[in-house]
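Trainee: Have a look at this one.
The values are calculated or read from the model by the stated rules, or taken from the named source; none is laboratory data. These numbers come from a predicted model, not from an experiment. When we count neighbours, we look across all protein chains shown, and the Cβ atoms used for this are built from the backbone with ideal geometry, even at glycine.
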Amino acid sequence: MWLLFAFLSAVFAALTSILAKMGISDVNSNLATAIRTTVVLILSWGIVFLTNAHTGLDAISRKSWIFLILSGLATGASWLCYYRALQIGDVSRVVPIDKLSVVITLILAFVLLHETFSVKSFIGCVLIGAGTLFMVL
């Protein structure tokens, strides 16, 4: 099931880029990010209440709160930079560079989470990096 959700995530991320570029032409990128974030916030809390997941709020540990808040700050910073890049650059050049996050994530997972970094992972990182350079240059 994770594979289906990962694939859907990729499809929605692609739509995000195209729809954002279409809507951001005459809007300040920070304002556009705030609008997008508000929509995501409303959608997320709606799903939480529809699925009755809000009952778990009191069970969240202090450590989880800290890391979820830090993750939210990183997401916000990423979205602000991404929307600005989309506003001033071509989607076909911005998105490949943004997807270098895959390589950075694998490296950070190895360093910070002590996940396995196999030869296959290394080759994949090299290919993604090379593909990104090929697409952007």
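Trainee: Considering only segment 1-26, how many residues are of a type in the set (D, E, K, R) and touching a helix residue (DSSP H, G or I) at 6+ places or on another chain (Cβ under 8 Å)?
Mentor: Final tally of qualifying residues: 1.
Trainee: Now a separate question. Hey, among Ala20, Ala34, which residue is surrounded by 11 or more Cβ atoms within 10 Å (Cβ to Cβ), at pLDDT 95 or above and within 17 Å of the chain's Cα centre (by Cα)?
Mentor: Just a single option satisfies the conditions, and that option is Ala34.
Trainee: Just one of (1) under 30 Å from Ile35 (Cβ atoms); (2) among the β-branched types (Val, Ile, Thr); (3) touching a Leu at 6+ places or on another chain (Cβ under 8 Å) trips up Ile47, so point out which.
Mentor: The one condition Ile47 does not meet is (3).
Trainee: Which number in (1) touching a residue at least 24 places away in the same chain (Cβ under 8 Å); (2) farther than 29 Å from Asn30 by Cα marks the one condition that Leu100 misses?
Mentor: Looking at each condition in turn, Leu100 falls short on (2).
Trainee: So is Ser25 in a loop (DSSP other than H, G, I, E, B) and either loosely packed, with under 13 Cβ neighbours inside 10 Å or not basic (Lys, Arg) (or both) or not?
Mentor: Here the answer is yes, as Ser25 does meet what is asked.
Trainee: Additional query: Taking segment 70-89 on its own, how many of its residues are in a helix (DSSP H, G or I) and under 21 Å from Asp26 (Cβ atoms)?
Mentor: 10
Trainee: Sort out which residues of segment 90-137 are surrounded by 14 or more Cβ atoms within 10 Å (Cβ to Cβ) and assigned to a loop (DSSP other than H, G, I, E, B), and write them in order of number.
Mentor: Lys99, Leu100, Phe117, listed by residue number.
Trainee: If you go through segment 37-69 one residue at a time, how many are polar (S, T, N, Q), part of a helix (DSSP H, G or I) and either at pLDDT 95 or above or closer than 19 Å to Gln87 by Cα (or both)?
Mentor: Summing the residues that are polar (S, T, N, Q), part of a helix (DSSP H, G or I) and either at pLDDT 95 or above or closer than 19 Å to Gln87 by Cα (or both) in segment 37-69 gives 4.
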